[in-house]
Amino acid sequence: MSGEAAVGLRRDAVGLREVLFQGVTAMAPAAAVAASIPAGAAFAGGSLPLAVVIALVACLATASCVAELARELPAAGSVATYAAQGLHPAVGFLVGWGYVFVEALVPPLLLLQLGFTAAGTLHDEWASYPAGLWWPWALAGAAVIGVTGYLGVRASARFGTVLGVFEVAVFLVFAGWLIVRAGGHNSLSVFGTSHTAPGHGGVSGVFAGSVYTVLAFAGFEAAAPLAEETRDPRRTMHRAVLGAALGIGLFYVVTTYAMTVYFGPGRFASFGAAGEASWEGVARASFGLFWVLVFLAVVNSTIANANACANVSTRTAFALARIRVLPRVLATLHPRYRSPVAGIAVQTVVAVGAVLGLGFGYDPVTAFLLLATVIVTVVIGVYIVVNLACAGYFLRRGRQPVKPVRHLLLPLLGIVAFVPALLTAAGLPVFDFVTKLTAPVSYAGPVVGVWMAIGAVVLLVLIRRHPERIAETARVHLEENIPGTVAPQDGATPR
């Protein structure tokens, strides 16, 4: 074993179960069902279950691409390594540069949601509790995530597994209850186009709803950065990425169907994320104290998602830091837990700074929308590049022959699915259902542009002074310890 590997991330620390729930919790299933997916109801109305099915099929195309690359290239750099191998190391650097930035912003995004959700609910129940006292909850969440990350991937992944099981179980039980209570109103007609919202009739309404639903799938790739800490990474990564996307996609279909037939497909266009026409509102009105479990599941989901994405950001930063395209200090590991402690410290500072700075500079809800727009815009852009990288990798470098459906058709379908979602997330009114962003949420575009421009400058400097470091973005460190593989020579692009 090489000296570098001996002091690397902890090998064989987690298995399929933990890695699967790394992807599951990164998708925030409870929060997505309660807050994200209902956004599509304004267009798809009572046909929202069909929109979810379409979004699932579309996202599975990209998930298949990520899974194929994760099996071939088990690396903590994940999407950066995929782009470097499938397209060019310079593209890999830019993908990593953007990805580590937005994944570091996901924890503060979820901590803001934790804060305003907890404070708002407590204020509704006890008027004496100040609705503006959201920040202690956010800081408490940051502390929990920081501690679990510090204790290593095994503690963090197991913590995420427990949280993920709870939130999925709560909503599945509630969905089953809704289906039973719907009785004779259960109908497969919600998987057709007859219940779309007024003004968005037929296929166009379902398409618009599916675009908003696609955004709820973001995060299925979050298992991939744990490759170097996972047992049998090639097989495990492939199963975990596809399993997370398919499993939670079916979860979305079941829960959306249950609420649609219970609430009524004819009036589902008014369904949303808050008020009486929402998951919590229905639980309060019809199911007594069960709404408390729904509330706890959403809060649980914010913590689980923040925990998973903190793992993603710190592992991606570690991967880029050890090849010195990011500051070397970010590759510092704890001597016992083998966790990237410097990255975790930076992640915690970023999370607390963004939560307090943006939360008090604007308000927590506005700050949440701003960060969400920045994150989703970049992540969907990364998905599009990874689809291209999948085709490029198997055409140029793959160990196995090119499979036209898996390596060419599915990447194309993934791109087709995510381009409308990218335009929607960025607020570019190419389609009539896209809402143009207003300030300060509209600042997301310039923020992304400035960050990527800085990345381009850093890339040019590195190409001029240290071109071998850019070439290293394609390096798969784990392969250096697999019998029969050969480590690349300095400055060479791996296999």
Averaged per residue, the 1.4 Å probe accessible area of the stretch 120-212, protein heavy atoms only, in Å², is roughly 49
Magnitude of the Cβ-charge dipole (Lys and Arg +1, Asp and Glu -1) of the stretch 295-449 about the Cα centre, nearest 20 debye, reported as 1020
Taking every other residue with Cβ under 15 Å from the Cβ of V379 and scoring Lys and Arg +1, Asp and Glu -1, one gets -2
If unit charges are put on Cβ atoms (+1 for Lys and Arg, -1 for Asp and Glu) and the dipole of the chain is taken about its Cα centre, the option from S210, L109, A58 lying farthest towards the positive end turns out to be A58
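Tell me the relative contact order for the stretch 228-307 as a rounded percent, counting alpha carbon contacts under 8 Å between residues six or more apart. Walk me through the intermediate numbers first.
Working: 24 pairs, mean separation 8.8, N = 80.
Once normalised by length, the contact order is 11 percent.
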So the angle from the long Cα axis of helix 410-425 to the longest Cα principal axis of the chain, reported in degrees to the nearest 10, equals 60
Quick calc of log₁₀ I(q)/I(0), the stretch 215-361, Debye, one scatterer on every Cα, no solvent, q values 0.11, 0.13 1/Å, result -0.64, -0.82
Within the chain, the cysteines whose Cβ lies no closer than 4.7 Å to any other cysteine Cβ are C59, C309
Averaged over all viewing directions, the convex hull of the alpha carbons in the stretch 136-217 casts a projected area in nm² of 8.8
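Do you know the relative contact order of the chain, to the nearest whole percent, from alpha carbon pairs under 8 angstrom that are 6+ apart?
Numbers: 921 pairs, mean separation 157.3, N = 495.
Reported relative contact order: 32 percent.
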Of the convex hull drawn through the C-alpha atoms of the stretch 230-301, the volume per residue in Å³ is 108
Taking Cα atoms, the helix 341-361 axis meets the longest principal axis of the chain at an angle in degrees (rounded to 10) of 40
For K436, the accessible surface traced by a 1.4 Å probe with all protein chains present amounts, in square angstrom to the nearest 10, to 150
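What value, in deg cm²/dmol to 500, does the helix sum -39500 (n - 2.57) over DSSP H runs of n ≥ 4 give at 222 nm once divided by the residues of the chain?
Working: 17 runs with 317 residues, N = 495.
Calculated mean residue ellipticity at 222 nm is -22000 deg cm²/dmol.
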Percent of all Cα-Cα pairs per 20 Å bin for the chain, counting from 0 up to the last occupied bin, reads 25, 58, 17, 0
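Carbon and sulfur together cover what percent of the accessible area of the stretch 255-357 at a 1.4 Å probe radius?
Values: 2340 of 3560 Å².
Roughly 66 percent, rounded to a whole number.
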Taking Cα atoms only, helix 233-263 is inclined relative to the longest principal axis of the chain by an angle, in degrees rounded to 10, of 10
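Would you mind computing Rg(Cα) / (2.2 N^0.38 Å) for the stretch 337-475, counting N as its residues?
1.32
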Mean Cβ-within-10 Å packing, highest first, puts peptides 230-242, 349-361, 260-272 in the order 230-242, 260-272, 349-361
Taking a probe of 1.4 Å and leaving out DNA, RNA and ligands, the stretch 12-52 shows per residue an accessible area in Å² of 18
For the stretch 17-74, the percent of accessible surface on carbon and sulfur atoms (probe 1.4 angstrom, ligands and nucleic acids excluded) is 72
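Please compute, over every Cα-Cα pair in the stretch 79-198, the percentage with a separation greater than 22 angstrom. Walk me through the numbers before you get to the answer.
Values: 4657 of 7140 pairs.
Value for the stretch 79-198 (Cα pairs over 22 Å): 65 percent.
Leaving out ligands, DNA and RNA, and with a 1.4 Å probe, what % of the accessible surface on the stretch 126-191 is carbon or sulfur?
So the carbon and sulfur contribution to the accessible surface is 77 percent.
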The base-10 log of I(q)/I(0) that the Debye equation returns for the stretch 439-481 at q = 0.33, 0.35 Å⁻¹, one scatterer per C-alpha, is -1.02, -1.06
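Using a 1.4 Å probe and counting only protein heavy atoms, arrange R10, R464, R315, R158 so the residue with the most accessible area comes first. All intermediate terms of the calculation are to be shown ahead of the outcome.
Details: R10 80, R464 205, R315 0, R158 125 Å².
Largest to smallest exposure gives the sequence R464, R158, R10, R315.
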accessible surface per residue for the stretch 336-453, probe 1.4 Å, DNA/RNA/ligands not counted, whole Å² -> 45
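The values are calculated or read from the model by the stated rules, or taken from the named source; none is laboratory data. As the structure is a computational prediction, the values presented were derived from the model and not from experiment. Virtual Cβ from ideal backbone geometry, glycine too; neighbours counted across all protein chains shown. Accessible surface areas use protein heavy atoms only, side chains included; no ligands, DNA or RNA. Shrake-Rupley method; radii C 1.70, N 1.55, O 1.52, S 1.80 Å.
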